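The values are calculated or read from the model by the stated rules, or taken from the named source; none is laboratory data. Every value quoted in this text rests on a predicted model; they were computed, and no experiment measured them. Here Cβ is always computed from backbone atoms with ideal geometry, including for glycine, and neighbour counts include all displayed protein chains. Just so you know, the surface numbers come from the protein's heavy atoms only, side chains and all, with ligands and any DNA or RNA stripped out. Shrake-Rupley method; radii C 1.70, N 1.55, O 1.52, S 1.80 Å.
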Amino acid sequence: MKQSGIDWIGEIPDDWNVNKIDSLYTPRNTKVSDKDYPPLSVTMQGIVPQLATAAKSDDGDNRKLVKKGDFAINSRSDRRGSSGVSSYDGSVSLINTILTPRGEMNPIYYNWLFHTIQFEDEFYKWGHGIVDDLWTTRWQDMKNIYIVVPPKATQQRIAEYLDSKCAQIESIIEESKKSIEEYKAWKQSVIFEAVTGKNLNCKKKDSGIEWIGEIPEKYIKTRLKYLLDIKGRIGFRGYTNADMVSEGEGAITLSPSNLKNLKMDFSKKAFVSWKKYNESPEIQIKIDDILFVKTGSSYGKSSLVDYLPVESTINPQLVVFKNIKCNQNFLIYYLQTNIIQNQVENIVIGGTIPTMSQEKMKNMFVFLPPLPEQESIAKMLDSKCAQIDSLIAEKESLIADLTEYKKSLIFEVVTGKRSV
């Protein structure tokens, strides 16, 4: 091994060389129309037919040509990792840098190299801009980045190895993700079966709702307005920048991001002044309150307030359920079921920013067992859901470990620190 002279690469095998990117690639700057060349998207998964979600320019005649085998990379730092070797002839946004191989090389080897975190960091370092999301690395800077040049046979061997090895890792990751979704579906089934009494051997009655079917005869149908008070921030009491303060200078203002796995997550905290906190005592949060998302993309999500680090209030996206007249733990599980979520879908309005009124929320119905059974069901679900959550956490940990291993493996192989 020898020193490459490149800080982000370190040592390389003795028979490898180093050179600037422009010794291997030449830019392709041909302007074309998406009428002649189908639009493509440069993503973290590579070059793909233009995504339906992609921001589309009105100037379809002002795009860059991409040919099969070209390497395309998004020059913007906020699209970090968006690059790949194209399998198509097409057109892409002008923000992308298109590179054509100058001579013999294995483009897949360099595709792996350019997807390492270390190269992405180096690519970013050569950029220019005012703020991070406008930071751009153009070809005139990118071309001066030094990279490794292994023998062509070695490039081929590395490309084949990483294609195979990373496919195996991705397969395990995908299977693990599938397992997580199955565990989540199982958890939802367990909750639904428990709160509707499906698992009880007792006299049943028709719920009056076809997809729910029968429920225990002793269950009563009621509405949220008879079980609790729903309080929200009044519109004109929203926030201004002047209301926001630093930690220690006010109360936490809770948002949908603080609701996680039916309980509270305070890893992200924002604070409002004590004046703002005290002007709305009806939404000051207490232990055993339930928070419910009424506005935004996560509408219908809820969490039980089981812990408060300091005094807290809510932002306008949330409402708080107070003075709850049933078991709070039972109710938080009930709120996760389709019995509630289907009602949420029926009362939510708005497209861009979906929302629901508190008046309509008050009329959502629930089926309630007697209080002692609510407590018993909640305890059973606490235990069962904890077991399922543990299985999910194991899979999530495996995914995280494999993801880190894959990153490390790719860098070690493409820089020759691990021979294949």
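Summing charges over neighbours of Arg28, with a neighbour being any other residue whose Cβ is under 9 Å away from its Cβ, gives +1 when K and R count +1 and D and E count -1. Applying 0.36 nm per residue to the separation of Lys204 and Lys407 and subtracting their alpha-carbon distance, the gain on full extension is 67.5 nm. For the chain, the solvent-accessible area works out to 51 Å² per residue, with a probe of 1.4 Å and every protein chain left in place. Annotation: peptides 95-104, 326-335, 207-216, ranked by per-residue average of other Cβ atoms within 10 Å with the highest first, follow the order 326-335, 95-104, 207-216.
Just the number, please: Stokes-Einstein D of region 6-47 in µm²/s, Kirkwood Rh from C-alpha pairs, 20 °C, 1.002 mPa s. Estimated diffusion coefficient is 147 µm²/s.
Translational diffusion coefficient, Stokes-Einstein: compute it for region 141-281 using the Kirkwood radius over C-alpha pairs as Rh, at 37 °C and 0.692 mPa s, and state it as an integer in µm² s⁻¹. Result for D is 145 µm²/s.
Between Lys218 and Asp14, the contour length at 0.36 nm per residue exceeds the alpha carbon distance by 65.4 nm.
Of the listed peptides 243-250, 73-80, what is their order by residue-averaged count of other C-beta atoms within 10 Å, with the highest listed first? Walk me through the intermediate numbers first.
Numbers: 243-250: 13.2, 73-80: 18.6.
With the highest mean Cβ count within 10 Å placed first, the list reads 73-80, 243-250.
Given a 1.4 angstrom probe, I'd like the percentage of the accessible area of region 121-176 that is carbon and sulfur, rounded to a whole number. Roughly 54 percent of what the probe reaches on region 121-176 is carbon or sulfur.
Temperature 37 °C, viscosity 0.692 mPa s: under these conditions the Stokes-Einstein estimate for region 219-340, based on its Kirkwood radius over C-alpha pairs, is 222 µm² per second.
Taking 1 over the mean of 1/r across every pair of different Cα atoms in region 145-225, what Kirkwood radius in Å do you get? Answer for region 145-225: a Kirkwood hydrodynamic radius of 18.0 Å.
Dipole magnitude for the chain: computed about the Cα centre from +1 point charges on Lys and Arg Cβ and -1 point charges on Asp and Glu Cβ, it is near 840 debye.
Using just the helices of the chain, give the 222 nm mean residue ellipticity in deg cm²/dmol: DSSP H runs with n ≥ 4 each add -39,500 (n - 2.57), and the total is spread over all residues, rounded to 500.
-10500 deg cm²/dmol
Our analysis of the chain gives Rg over Rh at 1.08, with the two radii drawn from alpha carbon positions and Rh computed by the Kirkwood formula. Just how far, in whole angstrom, is region 172-191 from region 309-376 if you go by their alpha carbon centroids? Between the Cα centres of region 309-376 and region 172-191 lies a distance of 24 Å. Rounded, prolate or oblate for region 320-420? Axes are the square roots of the Cα gyration tensor eigenvalues, ordered a ≥ b ≥ c, and the cut-off for rounded is a/c under 1.5. Because a/c hits 1.5 or more and a/b fails to exceed b/c, region 320-420 counts as oblate.
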